[in-house]
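The structure appears right after this line, and notes come after that.
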Amino acid sequence: MTMLSFCELLLILLTCLITIKYLKVLWATRSLPPGPIPFPFIGNLWILNFKLHPEILTKLAKSYGDIYTVWLGETPLVVLNGCKAVKDGIVSHSDALSGRPVASFLKDLLGGKGIVMANGHTWKQQRRFGLMTLKNLGLGKSSLESRIQKEARCMVDLFTAKKGKPFDPSFIIEHAVANIISAVVYGHRFSFDDVTFQELIKSNHCIVENIASSWARMYDAFPWLMKHVPGPHQAAFRHMNYLNEYSKKEIEIHKEKISSEEPQDVIDYYLSRIEKSKTYTDSTFDEENLLAVITDFFGAGTETTTISLLWGILYMVAYPDIQKRVQKELETVLNGSQACYEDRKHLPYTNAVIHEILRSGNIAAVGIPRTCIKDLKVRNYSLKKDTMVLANLDSVLYDPQYWKAPNQFNPQNFLDSDGNFLMNEAFMPFSAGSRVCLGEQLARLELFIFFSTLMQSFSFQLPEGVTKVNTKRIYKLTLQPNPFKICSVPR
């Protein structure tokens, strides 16, 4: 009888605890934008299918408006939907919305160091370093461009070796793109059959897929619990450790080679900055931040451009008339010479197609949540400091108020009536504001040269017997095409 009374008392206490916590959440909703009513503990995770899928977020906007709130467990997330709402948020309040969540799966994975997940003074110093180093390493100059052109020719050779037979292009493309960022970060490229190189790419894949998983959303909601719960999300930490261990070896090799010569890569520049900053008390340049910067560069620099190129090839197969028109323009303007970035000004249709690939493929989808670094007001909503805000970029790139054909792959979205290239203010595949993608210019450079070189060299078509192109998107942080095979017929 005593035991039963104790159990009853425990049940009453737990019920009271749940009720109090739930009432606190409900009270907090009063000062936030509208949204679905959260459930105790799990918030709106059930409604979200435990993922921040852009299509679900867009659907919720139809019920609650273009600025609304969803709950990840007991943590509110304000969602900006559509071009106007996103610009009113992350563009108009660029600095105020420059923070990153201090308790999340991605923060614990990256350690809150480097560029992507760092905050405040650390973030500002590391981002400034990243921008300056890319410029010093040749971004916007012929040196980096010639390296990309060389890698593009290597890609063409590997495609040619397939002799027009069906193959999955993802392996070749991913390794070619990864070699560009490897040269930028490590100072050298890898052989495609290098086991270490393959493991680095595999680790990066695992991390990216886990960031968008249901397990990661559970981690965001209950970090104190999920840190100790076994599951697929724990594999991401193991793969992150592998990337860091390899980077540590590279750092030691670079230390041994330090000389009076000009730095050759990100690691060289960073080690030099550590040395120069030793006397500065506010310096954040150390080897922990260096490891995070390497991971930021390698991860983002490999995944996004690879997926964009895969979408590009798939769309050319799906729209052969567009493919032929691109090839005709390249032949007319370049007359057989390899494309350089400056050529885009004389290739309006090809440039429009590349932009449409980025828009329609929309690889970044929703990006990474930001936080308010101070109290601010977005439209009529007051957001307190540390409130998480997410820009649904998918809803911007498909906003019917800004695009001629939002739900179709159509280069006319970037052309005026005379066939001249025309930029659109809703073109935000790299996000916007102070957290805009650091590698945007490098990605644009790579995508233009790789895509143009492939279009000059091959006609892409479906394997014999395959009649339908699957352009449905798979959500894995980036929006990816389903695995596919194509035939690259030399031109």
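The values are calculated or read from the model by the stated rules, or taken from the named source; none is laboratory data. Treat the numbers as computed from the prediction; the structure is a model and nothing was measured. Using ideal geometry, Cβ is built from the backbone for each residue, glycine included, and neighbour counts are taken over all protein chains shown. For the accessible areas, the whole protein counts, side chains as well, though only heavy atoms, and no ligand, DNA or RNA atoms are used. Shrake-Rupley method; radii C 1.70, N 1.55, O 1.52, S 1.80 Å.
The single condition from (1) among the acidic types (Asp, Glu); (2) touching a residue at least 40 places away in the same chain (Cβ under 8 Å); (3) touching a strand residue (DSSP E or B) at 6+ places or on another chain (Cβ under 9 Å) that Asp375 fails is (2).
Listed by first and then second residue, the pairs linking a residue in the range 466-486 that is over 14 Å from Glu55 (Cα atoms) to a residue that is polar (S, T, N, Q) and open to solvent by 70 Å² or more (accessible area, probe 1.4 Å), with Cβ atoms under 9 Å apart and 6 or more places separating them unless they lie on different chains, are Pro481/Asn470; Asn482/Asn470; Phe484/Asn470; Ile486/Gln461. Somewhere in the range 358-365, is a residue in a strand (DSSP E or B), touching a Leu at 6+ places or on another chain (Cβ under 6 Å), touching a residue at least 24 places away in the same chain (Cβ under 8 Å) and open to solvent by 20 Å² or more (accessible area, probe 1.4 Å)? Scanning the range 358-365, I find no residue that is in a strand (DSSP E or B), touching a Leu at 6+ places or on another chain (Cβ under 6 Å), touching a residue at least 24 places away in the same chain (Cβ under 8 Å) and open to solvent by 20 Å² or more (accessible area, probe 1.4 Å), so the answer is no. Scanning the range 339-348 for residues that are touching a strand residue (DSSP E or B) at 6+ places or on another chain (Cβ under 9 Å) and surrounded by 21 or more Cβ atoms within 10 Å (Cβ to Cβ) returns a single hit, Leu347. Filtered by the rule that a residue be within 23 Å of Lys107 (Cβ to Cβ) and assigned to a helix (DSSP H, G or I), the range 262-284 gives Val266, Tyr270. Looking across the range 285-322 at every residue that is farther than 19 Å from Leu109 by Cα and in a loop (DSSP other than H, G, I, E, B), the one that is least open to solvent (accessible area, probe 1.4 Å) is identified as Phe285.
No other residue among Glu199, Glu174, Glu209 is open to solvent by 10 Å² or more (accessible area, probe 1.4 Å), among the acidic types (Asp, Glu), in contact with a strand residue (DSSP E or B) (Cβ under 9 Å, 6 or more places away or on another chain) and in contact (Cβ under 8 Å) with a residue 12 or more places away in the chain apart from Glu209. Counting only helices (runs of 4 or more DSSP H) that sit wholly inside the range 1-115, those with at least 3 residues that are out of contact with any strand residue (DSSP E or B) (no Cβ under 9 Å at 6 or more places or on another chain), modelled with pLDDT under 95 and among the charged types (D, E, K, R) are 2-29.
For (1) at pLDDT below 95; (2) closer than 20 Å to Gln264 by Cβ; (3) open to solvent by 10 Å² or more (accessible area, probe 1.4 Å), each residue gets a yes or a no:
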| site | (1), (2), (3) |
| --- | --- |
| Gln125 | no, no, yes |
| Ser142 | yes, yes, yes |
| Ser146 | yes, yes, yes |
| Ala152 | no, no, no |
| Asp157 | no, no, yes |
| Pro166 | no, no, yes |
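Picking from residues in the range 76-118 that are of a type in the set (Val, Ile, Thr) and in contact with an Asp or Glu (Cβ under 7 Å, 6 or more places away or on another chain), the one that is nearest to Glu288 (Cα to Cα) is Ile115.
Here is a check on your reading of the model: is Gly336 crowded, with 20+ Cβ neighbours inside 10 Å, not in a helix (DSSP H, G or I) and not aliphatic (A, V, I, L, M)? No.
Listed by position, the helices (runs of 4 or more DSSP H) enclosed by the range 151-261 that each have at least 2 residues that are within 23 Å of Phe50 (Cα to Cα) are 195-211, 214-221, 223-226, 233-256.
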